[in-house]
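Structure record follows, encoded as structure tokens.
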Amino acid sequence: MPIEWREGDRQLHLHNGQISLVLRVLDDGTLAQLHLGGAMPADRSYRHLGPDPFEGFSNRVGEPVPLAYPTAGTGDFRVPALVVTAANGSTALSLRYRSHRIRAGKPSLEGLPATYVEADAEAETLEVTVADGPANIEVDLRFTIFRDRPVVARSATIRNAGAAAVDVDGAMSLAMDLPDADWVMLGLAGSWARERHVVERRLVPGRQSASSTRGASGHQHNPFLALRRPTTDEAHGEAYGFSLVYSGNFLAEAEVDPYGATRVRLGIEPDTFRWRLDPGASFTTPEAIVAYSSAGLGGLSDALHSLFRERLARGTWRDRPRPVLINNWEATYFDFDADRLVQIATTARDLGVELFVLDDGWYGARDDETTSLGDWFVDRRKLPNGIDGVARRITDLGIGFGLWIEPEMVSQRSRLFEAHPDWAVGVPGRARTESRQQLVLDMARPEVVDHLESVLADVLGSAPIAYVKWDMNRNITEPWTLSLPADRQGEFFHRYILGVYELYRRLTERFPEILFESCAGGGGRFDAGILAFAPQGWTSDGTDAVERLRIQWGTSLAYPLSSMAAHVSAVPNHQVGRITPLATRAAVAFFGVFGYELDPTVLDEEQRAEIVDQIAFYRGHRELFQHGRFVRLISPFDGERDRAAWLVVSPDRRHAVVGTYRLLSRPDPGPERLRLRGLDEAATYRVTTWPGFADRLSAANDGERSGAELMTAGLVLDLERWETVVRGDFWARLFVLEAVPSAG
Ligand code: DGJ
């Protein structure tokens, strides 16, 4: 069994040969976390890894005892996981063991997204109840270990067992103490159209964090944090990944204490959170995932990718091949009518596209950003026969039809706002800050969620809609809700996101055949929480191929390729003005859920032929691109090299596609090799290049090569040295590797 209780040591050990978590009840009942990381043998005592005997914090105030769920005010001066303000105003808390239970499988978290199992045998869950007597607070700490994954899932339920109301002022989903600080902290940071760039820093004494207070996880930081040893690289060394299954305000933090120990915290951002617990009431935190790898950052990504793809994403579209789509946004913006859409769809269909998406501008009287959000009825000036009319013209072409919506928003110029001005988030007596000329609906109010479910279900049921893009284009200001009294306004942000999840749950359950794609001005809410409802997300509004290399590389640290929508767009690129070759744009976008974001009717014959080839290529390797193992080779963040490379390989390692990219060309370069990883060294692969030019690059590489050669000598990429290989910036080439059946 992966969870073992040693009565004599009062020790709990969760283990599966890939990861170990050791908890121990110390002498005074404090729950210590003696180890979380590399696998350790079962059936042994590890009590010597913690204080034994434990005489409390009083002997050496602030001593770095590794704790499972730390609190404040009773001797531990590091940042706490739980802060509760009792009826008398005190925040001192000290949690002591009461009981524990071990059960097969994994419980769900009411109202919250979470990873899951399909059979109880896939995981085992430990629930430990700890309590503070004077404050009458009980906490159930849950730890799930998956049988076949180097992953532990954590959450906590805080209960008020007393007779007076208390306030929860901070409740992390996880805290984890590590005995040293020899770590580099990795985060995913950026802004609109340049989300999730990798940022790294060596841990230093004190607190270092990433967070959001915007009401969404945000473009700026991601609810993901990794720690790696300074010597860890993509393939070797220790690394931890911490991911919060949540889409609202979050905090991801590492604190190094004066003794050089590290505490990691991950959970709801505490400064914008306060939750009232009446007597008998409880609060459950979102889930946090800890993954451990001894095979570098690549091993960490493998663990998170397969968990998120197989046991976080759910529904009909979890395992299905995702369609190659075209979206009309960058082709038309708000300026279209039915004929124009059908013209784009027809041309795209002829090129091989499988689904057409009608983006913003189909409803109310929406000709620009000033109006109509909330009015989810069709604009008959543009679409005289309604959504159904245009959808049927497009499905009659033999391709699917998809629709954009932005449920959580309202324009001041809209019928919805006229009817329900109080449904928009804002503080009475204070001007509302507008952003993109729109306001946010108060998703904390059940009547708003009910209304949206009703009007959107009408739309989605009115036409043959196969796909929905759920957008969210601004963050929350003047946070306040009519639904709560003054002393409970601290609940607003969390209740908002619970309302979003509730609407997602209802619509995805009512329309199980629809493929939902999340979006928030691109990648402004790209997180593990939303992935539980929408198996893919619009990775970024940044569609420039060079920028996308960075975005997709960073995103891939935590999230699988099946979650990353990636489209070829027009040049000059609409966000940065860069002109990149069409082949390069495709060679980047292939590594994700592929599509187009341009007007195919204005392309010339040669460009259309190229697109036909691109779509055929992607469809031929779709299973690999959407479900293969992604291996990062050369980072686009390595400014010295001006290169990037990655590959995707099938689980049986018999099929791979390598992407190699030159960002900027250099004069007088030396010879260059690209050593691959993740292949079968004993296999022989047939190597072909794409696009299939007969040049020195293909001459040097095409043919049969052993896996051993490809991983030691590598592919030959003497790009600029060869006159026959086009010189210049933004160049890309793919290599397809197919294992050759072995003789006999
Ligand atoms: C932001 C999205 O990221 C774009 O793709 C597009 O859907 C616009 N919103 C529409 O308003």
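Derivation of every value follows stated rules applied to the coordinates shown; laboratory data play no part. Since we're looking at a predicted model, the values are computed, not measured. Here the Cβ positions follow ideal geometry from the backbone for every residue, glycine too, while neighbour counts run over all protein chains shown.
I'd like to know which of Val658, Ser698, Gly577 lies farthest towards the positive end of the charge dipole of region 568-700, counting +1 on Cβ of Lys and Arg and -1 on Cβ of Asp and Glu.
Positive-end residue among those listed: Val658.
Rank-order 393-399, 190-196 by packing density, defined as the average count of other C-beta atoms within 10 Å over each peptide's residues, highest first. All intermediate terms of the calculation are to be shown ahead of the outcome.
Working: 393-399: 17.1, 190-196: 21.7.
So the order, starting with the most tightly packed, is 190-196, 393-399.
Fully extended, how many nm does the chain gain between Arg320 and Glu110 (0.36 nm per residue separation, minus their Cα-Cα distance)?
Numbers: separation 210, 0.36 × 210 = 75.60 nm, distance 2.69 nm.
That pair, Arg320 and Glu110, stretches by 72.9 nm at full extension.
Taking +1 at the Cβ of each Lys and Arg and -1 at the Cβ of each Asp and Glu, which of Gln18, Pro671, Leu300 sits farthest along the dipole of the chain towards its positive end, judged by Cα position relative to the Cα centre?
Result: Gln18, furthest along the dipole toward the positive end.
Between Asp335 and Arg488, what is the label-point separation in nm under the 7 Å Cα-to-beta-carbon projection?
5.0 nm
Considering amide H positions built from the backbone, and no H for Pro or chain starts, which residues 5 or more places from Leu515, or on another chain, come under 5 Å of its amide H?
Amide H neighbours of Leu515, under 5 Å, 5+ apart: Tyr467, Val468.
What is the distance in Å between the Cα centres of region 417-432 and region 50-114?
40 Å
Taking the Cα centre as origin and putting +1 on Lys and Arg beta-carbons and -1 on Asp and Glu beta-carbons, what dipole magnitude results for region 152-276, to the nearest 20 debye? Mind dumping the intermediate values first?
On the way: 14 positive and 15 negative charges, 74 e Å.
I would put it at about 360 debye.
Over the chain, calculate the relative contact order: mean separation of alpha carbon pairs under 8 Å at least 6 apart, over the residue count, as a percent.
Details: 1880 pairs, mean separation 73.4, N = 744.
The value is 10 percent.
Across region 656-661, in residue order, what do the Karplus-derived ³J(HN,Hα) couplings come to in whole Hz, using 6.51 cos²θ - 1.76 cosθ + 1.60 with θ = phi - 60° and x for Gly and Pro?
Calculated HN-Hα couplings, in order: 8, 10, 9, x, 10, 9 Hz.
Which whole-number percent gives the relative contact order of region 204-346, counting Cα pairs below 8 Å spaced six or more residues apart?
Working: 214 pairs, mean separation 33.1, N = 143.
Taking the mean separation of contacting Cα pairs over the length of region 204-346, I get 23 percent.
Using a simple charge model, +1 on the beta-carbon of Lys and Arg, -1 on the beta-carbon of Asp and Glu, nothing else, what dipole does the chain show about its Cα centre, in debye to the nearest 20?
On the way: 81 positive and 102 negative charges, 141 e Å.
That gives the chain a dipole magnitude of about 680 debye.
Rounding to the nearest 20 debye, state how big the charge dipole of region 609-705 is about its Cα centre with +1 on each Lys and Arg Cβ and -1 on each Asp and Glu Cβ.
Numbers: 16 positive and 14 negative charges, 50 e Å.
Here the size comes out at about 240 debye.
Report, in whole Å, the centroid distance computed from the Cα atoms of region 626-673 and region 138-214.
Here the two parts' Cα centres lie 32 Å apart.
Can you tell me the order of 597-610, 458-471 when each peptide is scored by its average per-residue count of other Cβ atoms within 10 angstrom, highest first?
Numbers: 597-610: 15.4, 458-471: 19.4.
Highest mean packing first, the order is 458-471, 597-610.
Rounded to whole Hz and in sequence order, give me ³J(HN,Hα) for region 528-537 from the Karplus expression 6.51 cos²θ - 1.76 cosθ + 1.60, θ = phi - 60°, writing x for Gly and Pro.
Along region 528-537, the couplings run 5, x, 5, 5, 6, 10, 10, x, 9, x Hz.
Ranked from highest to lowest mean number of other Cβ atoms within 10 Å per residue, what is the order of the peptides 356-365, 643-652? Before the final figure, lay out each step's value.
Working: 356-365: 22.8, 643-652: 20.2.
In descending order of packing, they fall as 356-365, 643-652.
Less than 13 Å Cβ to Cβ from Pro512, Lys/Arg counted +1 and Asp/Glu -1: what total charge do the surrounding residues give?
Values: positive: Arg314, Arg318, Arg320, Arg505, Arg506, Arg510; negative: Glu509, Glu513.
Net charge in that neighbourhood comes out at +4.
Counting helices only, and only those DSSP H runs with n ≥ 4, report the 222 nm mean residue ellipticity of the chain as the sum of -39,500 (n - 2.57) divided by its residues, in deg cm²/dmol to the nearest 500. All intermediate terms of the calculation are to be shown ahead of the outcome.
On the way: 14 runs with 141 residues, N = 744.
Taking each H run of at least 4 residues, the total per residue is -5500 deg cm²/dmol.
Which ³J(HN,Hα) values in Hz, rounded to whole numbers, follow from the phi angles of region 208-225 under the Karplus curve 6.51 cos²θ - 1.76 cosθ + 1.60, where θ = phi - 60° and Gly and Pro get x?
After applying 6.51 cos²θ - 1.76 cosθ + 1.60, I find 9, 8, 10, 7, 9, 10, 8, x, 9, 4, x, 6, 7, 9, 10, x, 9, 8 Hz.
Projected onto the charge dipole of region 1-119 (+1 at Lys/Arg Cβ, -1 at Asp/Glu Cβ, origin at the Cα centre), which of Ala119, Gly8, Pro53 gives the Cα projection farthest towards the positive end?
Positive-most Cα among the choices belongs to Ala119.
Would you please state the base-10 log of I(q)/I(0) at q = 0.08, 0.09, 0.10 1/Å for the chain, with intensities from the Debye formula using one equal scatterer on every alpha carbon?
Scattering profile of the chain, log10 relative to I(0): -0.67, -0.84, -1.02.
If you build the convex hull over the alpha carbons only and average its shadow over all orientations, what do you get for region 144-302? Give it in nm² to one decimal. If you can, show how the numbers build up before the last one.
Values: hull surface 42.3 nm².
If I average the Cα hull's projected area over directions, I get 10.6 nm².
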